[in-house]
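First the structure, in the form of structure tokens, and then the observations on it.
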Amino acid sequence: MSAVERALAHVRTARGTYLDELIEFLAIPSISTLPENRGDMTRTAQWLADRLRGIGLETVELMSTGGHPVVYGEWLGAPGRPTVLVYGHYDVQPVDPIDEWTSDPFVPTVRGDYLYARGASDMKTQIFAQVKAMEAFAPGGGFPVNIKYLIEGEEEIGSPNLPRFIETHRDQLACDVVLNCDGGILGKDQPSITYALRGLAYFELEIATHEKDLHSGVFGGSIRNPIHVLAELIASLHDADGRVALPGFYDKVRELDEEERRALARLPHDDEAWRAMAGAKALYGETGYTTVERVGARPTLDINGIWGGFTGEGAKTVLPARAFAKFSTRLVADQDPAEIQGQLEAHIKAHVPEGVSWKLHGHSWGPGAIMDRESPCMRAAMTALGEVFGVAPLFKREGGSVPVVGIMQELLGVDSIMLGFGLSDDGIHGPDERFYLPNLYRGVETYVRFLGGL
Ligand code: BES
Ligand code: MN
């Protein structure tokens, strides 16, 4: 029996225990952004470290980052074989709006084929499945490849400490390829691999026109209103074709070639289904591109929030002194978040009238990424998916961001294989987040076959 066959046999006998253990993991509220969950973050990291010790890794430790710890693990007992760095994150998003959950987000609950919990799809189930795949190899005596784990606790807040962490531990993290479990597939029964991700640059803007809020009758008409200034500024960020109007914004965008456009057009995408899934009345976007291209291959800018003045119940006649907006750009490969910030500053400077002050604050950022679809590791992943699902896998681009992918390309010089099993209707970051349970077991099997196939 080959090592892979032995491991698959182990999975078949052990899979009955997976669900209870996964529920334990999901029950810990590891919300990275909330100070009150600090203790839960360490508990989750320790829970994971115990699992890694349990499968027989040589070194397992919690490493400090300045923020939430990284769970690191290592087994280098297969000299001459490739070294795979497994990436995952153990943090989750907050649960609000809590009233819209059918069951408590931290009391994982099975309904039908789904397991409902915060983090079920993004992404505790998948890192759990990867560990289970490793466990399945362990009794047979050793793993098929050298393995390193980097499981972070700050992905959902933009991985603020991760670039420095990777840079300082460059040698320790050296590897041939990254197995990134933070991803999804096109459909329940339609496997796919993400080969491109959008990056992110997130900003907050404050506009101020005077010192304190004033009476809008006494002063209105004689001085500027910062909300008007902000509204005009926001309006100036797009043109009538849905393109971002920042000078230089598209300069570095890698255009799709015809071959790739044709491949994207063949993906099983349906505009009407997409519209319905979004619950929108109509689709909208940059002229000249399909929905798949708009989301996967074109950069965008979205206002995430806007506030200022009086927003309480009733009426208050006020001339507010300040106005605020949060906005984010989704970037594609080769666009540089720092350059985008420079373009924004120049644009604001040119558009804000004299006598108005403004502050632009850069929040999190992360580069986009595009991966080689022909590499041996990519082929091994496609083969594994095809064997497990019994359907030929497809290549897709992802509109969401996993900044670590681009960061690892830059700092470690390696591509990531995005092998995750979430679905676009899993409700990640929203209420009733869920995971389609049959793909937990297929996921474990896929990881086994991928690692064995390398
Ligand atoms: N897992 C998601 C990204 C994702 C979404 C991958 C859908 C595949 C399919 C990730 O945790 C996430 O939400 N990332 C954030 C960026 C981060 C910097 C806060 C995002 O895309 O908004
Ligand atoms: Mn995630």
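No value in this document is a laboratory result; all are computed from the given coordinates. Here the structure is a predicted model, which means the values were calculated and not measured. Here the Cβ is made from the backbone with ideal geometry for all residues, glycine too, and neighbour counts use every protein chain on show.
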Taking the Cβ of Arg379 as the center, what net charge do the other residues with Cβ under 11 Å away carry, scoring Lys and Arg +1 and Asp and Glu -1? -1
Of the options Leu319, Gly288, Gly305, report the single residue whose Cα projects farthest towards the positive end of the charge dipole of region 288-366 (beta-carbon charges: Lys, Arg +1; Asp, Glu -1). Leu319
How do 345-354, 329-338, 416-425 rank on mean C-beta neighbours within 10 Å, highest first? 416-425, 329-338, 345-354
Can you give the helix-only mean residue ellipticity at 222 nm for the chain, where every DSSP H stretch with n ≥ 4 adds -39500 (n - 2.57) and the sum goes over all residues, rounded to the nearest 500 deg cm²/dmol? -10000 deg cm²/dmol
Translational D in µm²/s for region 32-92 (Stokes-Einstein at 37 °C, 0.692 mPa s, Kirkwood Rh from C-alpha pairs): 256
Of all GluC sites (Glu not before Pro) in region 273-330, which ones are in loop regions per DSSP and have a Cβ with at most 15 other Cβ atoms within 10 Å? Glu313
Can you give me the Rg/Rh ratio for region 221-289, using Cα atoms for both radii and the Kirkwood formula for Rh? 1.14
Could you tell me the relative contact order of the chain? Use alpha-carbon pairs under 8 Å, at least six residues apart, and round to a whole percent. 26
Going by alpha carbons, how many degrees (0 to 90, nearest 10) lie between the helix axis of 438-453 and the longest principal axis of the chain? 70
Calculate how many DSSP beta bridges within the chain are antiparallel, expressed in % of all such bridges and rounded to the nearest 5. 70
Mind putting a number on the dipole of region 162-297 about its Cα centre? Charges go on the C-beta only, +1 for Lys and Arg and -1 for Asp and Glu, and I need it in Debye to the nearest 20. 240
Which whole-percent values make up P(r) of the chain when all C-alpha to C-alpha distances are grouped in 20 Å steps starting at zero? 23, 54, 20, 3, 0
Placing +1 on each Lys and Arg Cβ and -1 on each Asp and Glu Cβ in region 150-269, then taking the dipole about the Cα centre, the residue among Pro191, Leu173, Pro247 whose Cα reaches farthest towards the positive end is Pro247
Net charge of Cβ neighbours under 14 Å - reference Lys359; Lys, Arg +1; Asp, Glu -1: 0
Over region 169-215, one equal point on each Cα, no solvent: what is log10 I(q)/I(0) by the Debye formula at q = 0.18, 0.24 Å⁻¹? -0.87, -1.04
The distance between the Cα centres of region 356-398 and region 109-152, in whole Å, is 19
With everything on Cα atoms, drop me the angle between helix 226-235 and the longest principal axis of the chain, reported from 0 to 90° to the nearest 10. 60
Projected area averaged over orientations for region 313-454, convex hull of C-alpha atoms, nm²: 13.8
With a cap of 16 neighbouring Cβ atoms within 10 Å, and only residues DSSP puts in a loop, list the GluC sites (Glu not before Pro) found in region 395-454. none
Peptides 180-191, 34-45, 250-261 ordered by average Cβ neighbours within 10 Å, highest first: 180-191, 34-45, 250-261
Could you compute the net charge surrounding His68? Neighbours are other residues with a C-beta less than 12 Å from the C-beta of His68; K and R count +1, D and E count -1. -4
Calculate the dipole size of region 80-134 relative to its Cα centre from +1 charges on Lys and Arg beta carbons and -1 charges on Asp and Glu beta carbons; express the result in debye to the nearest 20. 480
Loop-only chymotrypsin sites (Phe, Trp or Tyr not before Pro) in region 200-232, please: DSSP not H, G, I, E or B, and at most 16 other Cβ atoms within 10 Å. Phe219
Say the cut-off is 31 Å between C-alpha atoms; which of Lys252/Lys396; Lys281/Lys359; Lys188/Lys326; Lys124/Lys252; Lys212/Lys281; Lys132/Lys396 go over it? Lys281/Lys359; Lys188/Lys326; Lys124/Lys252; Lys212/Lys281
